[in-house]
Amino acid sequence: MKKITVNASKKYDILIADNLLENTGDLILGVAKPQTVAIITDDIVDGLYSKTVENSLEKSNLKHIKYVIKSGEESKNGNNFLKICEFLAENQITRSDLIIALGGGVVGDLAGFVASAYLRGIDFIQIPTTLLSCVDSSVGGKTAIDIESGKNLVGAFYQPRLVICDYSTLNTLSDEVFSQGCAEVIKYAVIGNTELFSHLQKNKKDFDREYVISECVKMKRDIVQRDEFDKGDRQLLNLGHTIGHAVELKSNFEIAHGEAVAIGLCMIANASYKKGLCFEQTKNDIINIIKDFDLPVSASFSADELYKTALNDKKRTGDTIKLIIPYSIGDSRLLKIKTDEILSFIEEGI
Ligand code: GLY
């Protein structure tokens, strides 16, 4: 088992191993003494993993309740946020109790935001069950819901007490959803890890899960410790996301987040090459690895459509925005540009 400690506004461990779910109860008792544990999960994960978690809680004499949302991004909304808060209140959940977010990014973001706001904050534990949530969304305390005007526009920075990353849960992911998580893994490698990039090039989807997840989590830990509140370096994690978010939004979420990130990575690689910011080899390496992982490299939206959508990006400050440029594999950096310059990046990226 790998244990990675995050030293942010809260100090907590990320445990990475297979078959950890059956020890959930004891792992919780190592960090908290709740009377009741409230599991928040979705209807797919519920059928797969709730029983194992509940059995483990019972073995550790922990009372538990459960709230199940429908799987999918549409569930990350204000209505569900309030319904879960009511459910916790009706079940007399107090600040000495604890929430478990059992699932992927949607469950983690929603349950984490509930934890940040219910009774002005109660402890929560992330148990990610998708590759994307193992390597990215379960770590670093970003929690949020979507509103009409955009994705993740209401939320809080609120760190979990513990992250239990049991990568045997990845065995039940469809090939498609597994690939979507791979886009975030590739992103980490391009940001700052050439060894990870070589490992992915060599092993493709048969990569060593403990090694790959740990490398991504260590990188995220380091970035979050430097910039927990996303004012500088943390924005590096948005490599491929400025254009990717625009693709995701324009498709009305028909293109999944991971696929949109893959497209965003290819477009920023293309644009960086055409603008003389990276070598042709870097651009080719990025596009080839995206193809090797069965991810899309382009979408059929016009530059103008994507530009208008990208203008709503919340990373924007006044009339400037920071784009993340892959100067070479393992060396991505922030580049501050005028907001209207994104158009030419998108045009070059297509
Ligand atoms: N997923 C990007 C971040 O946590 O900052």
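The values are calculated or read from the model by the stated rules, or taken from the named source; none is laboratory data. Remember, predicted model here, so these are calculated numbers, not experimental data. With ideal geometry, Cβ positions are generated from the backbone for all residues, glycine too; neighbour counts draw on all protein chains shown. Side chains are part of the model used for accessible areas, which takes the heavy atoms of the whole protein and leaves out ligands, DNA and RNA. Shrake-Rupley method; radii C 1.70, N 1.55, O 1.52, S 1.80 Å.
Would you call residue 101 within 20 Å of residue 160 (Cα to Cα) and modelled with pLDDT of 95 or more? Here the answer is yes, as residue 101 does meet what is asked. In summary, residue 219 fulfils each of the numbered conditions (1) within 13 Å of the ligand (Cβ to nearest atom); (2) touching a residue at least 40 places away in the same chain (Cβ under 8 Å); (3) not small (Gly, Ala, Ser) with the single exception of condition (2). Is it true that residue 215 is in contact with a strand residue (DSSP E or B) (Cβ under 8 Å, 6 or more places away or on another chain), closer than 24 Å to residue 139 by Cα and part of a helix (DSSP H, G or I)? So residue 215 fails the test.
Only one of the numbered conditions (1) more than 16 Å from the ligand (Cβ to nearest atom); (2) open to solvent by 10 Å² or more (accessible area, probe 1.4 Å) is not met by residue 170, and that is (2). Looking only at region 126-135, filter to residues that are open to solvent by less than 10 Å² (accessible area, probe 1.4 Å) and under 8 Å from the mean Cα position of the chain (by Cα); which one of those is farthest from the ligand (Cβ to nearest atom)? Restricting to residues being open to solvent by less than 10 Å² (accessible area, probe 1.4 Å) and under 8 Å from the mean Cα position of the chain (by Cα), the top hit is 134.
For (1) at pLDDT 95 or above; (2) touching a strand residue (DSSP E or B) at 6+ places or on another chain (Cβ under 7 Å); (3) closer than 24 Å to residue 180 by Cβ; (4) open to solvent by less than 30 Å² (accessible area, probe 1.4 Å), each residue gets a yes or a no:
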position: 266; (1), (2), (3), (4): yes, no, yes, yes
position: 277; (1), (2), (3), (4): yes, yes, no, no
position: 294; (1), (2), (3), (4): yes, no, yes, no
position: 297; (1), (2), (3), (4): yes, no, yes, no
position: 311; (1), (2), (3), (4): no, no, no, no
position: 327; (1), (2), (3), (4): yes, yes, no, no
position: 333; (1), (2), (3), (4): yes, yes, no, no
position: 336; (1), (2), (3), (4): no, yes, no, no
position: 342; (1), (2), (3), (4): no, yes, no, yes
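Applying the set (1) assigned to a loop (DSSP other than H, G, I, E, B); (2) touching a Pro at 6+ places or on another chain (Cβ under 7 Å) to residue 294 leaves exactly one unmet item: (2).
If you take the residues in region 162-192 that are of a type outside the set (Lys, Arg) and touching a His at 6+ places or on another chain (Cβ under 9 Å), which one is farthest from residue 137 (Cα to Cα)? Looking at residues that are of a type outside the set (Lys, Arg) and touching a His at 6+ places or on another chain (Cβ under 9 Å), I get 189. The set of residues in region 251-268 being touching a residue at least 12 places away in the same chain (Cβ under 8 Å) and either over 14 Å from residue 296 (Cβ atoms) or part of a loop (DSSP other than H, G, I, E, B) (or both) consists of 251, 253, 255, 256, 268.
Within this structure, residue 240 passes the test of being under 21 Å from the mean Cα position of the chain (by Cα), on the phi > 0 side of the Ramachandran plot and within 16 Å of the ligand (Cβ to nearest atom). Can you tell me which residues in region 136-155 are modelled with pLDDT of 95 or more and either open to solvent by less than 30 Å² (accessible area, probe 1.4 Å) or under 20 Å from residue 183 (Cβ atoms) (or both)? The answer is 136, 137, 138, 139, 140, 141, 142, 143, 144, 145. Per the listing 164, 186, the residue uniquely assigned to a strand (DSSP E or B), within 20 Å of residue 221 (Cα to Cα) and modelled with pLDDT of 95 or more is 164.
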